[in-house]
Amino acid sequence: MTSRAYVTLVTNDAYLPGAIALVRSIRHTGTRADIVVMHTGAVASETLAPLTALGATLFQADLLPTSTAFNNAHAKREIHGKNPFTKGEKPSFHTPLDNFVKLRLWQLTRYEKIVFIDADALVLRNLDRLFDYPEFSAAPNVYESLVDFRRMNSGVFAARPSEATFNAMLTALDTPGAFWKRTDQTFLQHFFPEWNGLTVYDNMLQYVWFNMPDLWDWSMIRVLHFQYEKPWQEDHPKAEKLQPLIDLWRAFYTGKGIPADISALPGPRGAAT
Ligand code: UDP
Ligand code: MN
């Protein structure tokens, strides 16, 4: 089992609360796989201490050696400014260039298989079966309508570490004029055009709660992913609508009041799902 790891990423202090709740939620599933938090040098070791206390292993992973042109093209003002997010808001602490550090998980070659999970997610049921899925497996980016099935979401995926793959990715990533509109997500879909599909329940996006309530099923959801606004942001624009999900996140963050039976939680319409 030790050749398998759940991996997440924290590149600044602002994502730490997310990682704490995520690591606790993974532990809660009873998995025997390792939990690795990749972090950049920008995060102080004292800041990361709560994660090691929860049993996570740290791995320092710095920004990729990308060109100045690439870095400029993916600077926050470019990504958020030129192609604004019209469906939801990204917190001000989100730094698009940092997303590409995710690719360093392919360098974790001491593991045979990795399940990557964004720091803004919770694992609600054991997810170990994903370790038996082929590279590259990810769920569709569903949160509004049918057209969403055409894109994958890079918040949860199964991968096989390999230096050769990592090097091939670097070459494909930073070509003259390269611009990956939704950063690692757009790149990974390009690099793995024949990505294998996981179910929507392996990466349930929080907006499904109010946009597609028919899809909500607490007995099925394995990962709940807080895409766009984060549950630890003070008073974000959708906080009221998402309150029950934020309360659940808070229970995993604090370790207090984690529901004994997730399946019994009320759904978006108030009744059990
Ligand atoms: N991330 C990070 N610092 C950043 C931006 C992203 O550590 O400034 C990591 C973190 O693990 C985060 C993931 O990359 O969960 C992807 O970003 P995010 O979840 O904010 O994107 P979204 O899911 O909203 O598209
Ligand atoms: Mn995310």
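The values are calculated or read from the model by the stated rules, or taken from the named source; none is laboratory data. None of these values were measured; they are calculated from a predicted model. Ideal geometry is used to build each Cβ from the backbone, glycine not excepted, and the neighbour counts take in all protein chains shown.
What the table shows:
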| read-out | value |
| --- | --- |
| Matching option when the condition is surrounded by 16 or more Cβ atoms within 10 Å (Cβ to Cβ) and of a type outside the set (Lys, Arg), among 55, 88, 81 | 88 |
| Odd one out for residue 194, checked against (1) free of Cβ contacts under 8 Å to residues at least 24 places away in the same chain; (2) over 18 Å from the mean Cα position of the chain (by Cα); (3) closer than 25 Å to residue 270 by Cβ | (3) |
| Sole exception among (1) of a type outside the set (A, V, I, L, M); (2) within 12 Å of ligand 1 (Cβ to nearest atom); (3) closer than 18 Å to residue 156 by Cα for residue 29, by number | (2) |
| Pair list, Cβ < 8 Å and 6+ apart or interchain, from the range 43-68 residues that are within 13 Å of residue 20 (Cα to Cα) to residues that are of a type in the set (Asp, Glu) and buried (at least 16 other Cβ atoms within 10 Å of the Cβ) | 57/34 |
| Residue 217 being in contact (Cβ under 8 Å) with a residue 24 or more places away in the chain, in contact with a Ser or Thr (Cβ under 6 Å, 6 or more places away or on another chain) and surrounded by fewer than 18 Cβ atoms within 10 Å (Cβ to Cβ) | yes |
| Unique residue being within 20 Å of residue 123 (Cα to Cα), away from ligand 2 (no atom under 16 Å from the Cβ) and surrounded by 12 or more Cβ atoms within 10 Å (Cβ to Cβ) when the list is 33, 61 | 33 |
| Residue, nearest to ligand 1 (Cβ to nearest atom), within the range 1-17, restricted to residues that are surrounded by fewer than 23 Cβ atoms within 10 Å (Cβ to Cβ) and either under 23 Å from residue 99 (Cβ atoms) or aliphatic (A, V, I, L, M) (or both) | 12 |
| Meets criteria (away from ligand 2 (no atom under 16 Å from the Cβ) and without any contact (Cβ under 8 Å) to a residue 12 or more places away in the chain) for residue 86 | yes |
| So residue 171, is it within 16 Å of ligand 2 (Cβ to nearest atom) and free of Cβ contacts under 8 Å to residues at least 24 places away in the same chain | no |
| Strands (runs of 3 or more DSSP E) enclosed by the range 90-163 - at least 2 residues per element that are in contact (Cβ under 8 Å) with a residue 60 or more places away in the chain and away from ligand 2 (no atom under 16 Å from the Cβ) | 113-117 |
| Residues within the range 217-238 that are of a type in the set (A, V, I, L, M) and either modelled with pLDDT under 95 or touching a Lys or Arg at 6+ places or on another chain (Cβ under 8 Å) (or both), tallied | 1 |
| Subset of the range 174-222 (residues that are among the small types (Gly, Ala, Ser) and either within 16 Å of ligand 2 (Cβ to nearest atom) or over 20 Å from residue 22 (Cα atoms) (or both)) | 177, 178, 197 |
| Residues of the range 149-161 classified as within 16 Å of ligand 1 (Cβ to nearest atom) and surrounded by fewer than 19 Cβ atoms within 10 Å (Cβ to Cβ), total | 1 |
| Where residue 62 falls short, out of the listed (1) charged (D, E, K, R); (2) in contact with a Ser or Thr (Cβ under 6 Å, 6 or more places away or on another chain); (3) modelled with pLDDT of 95 or more | (3) |
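Yes/no per residue for (1) buried (at least 18 other Cβ atoms within 10 Å of the Cβ); (2) within 21 Å of residue 191 (Cβ to Cβ); (3) over 18 Å from the mean Cα position of the chain (by Cα); (4) within 16 Å of ligand 1 (Cβ to nearest atom):
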{"residue": "66", "(1), (2), (3), (4)": "no, yes, yes, yes"}
{"residue": "100", "(1), (2), (3), (4)": "yes, yes, no, yes"}
{"residue": "112", "(1), (2), (3), (4)": "no, yes, yes, no"}
{"residue": "171", "(1), (2), (3), (4)": "no, yes, yes, no"}
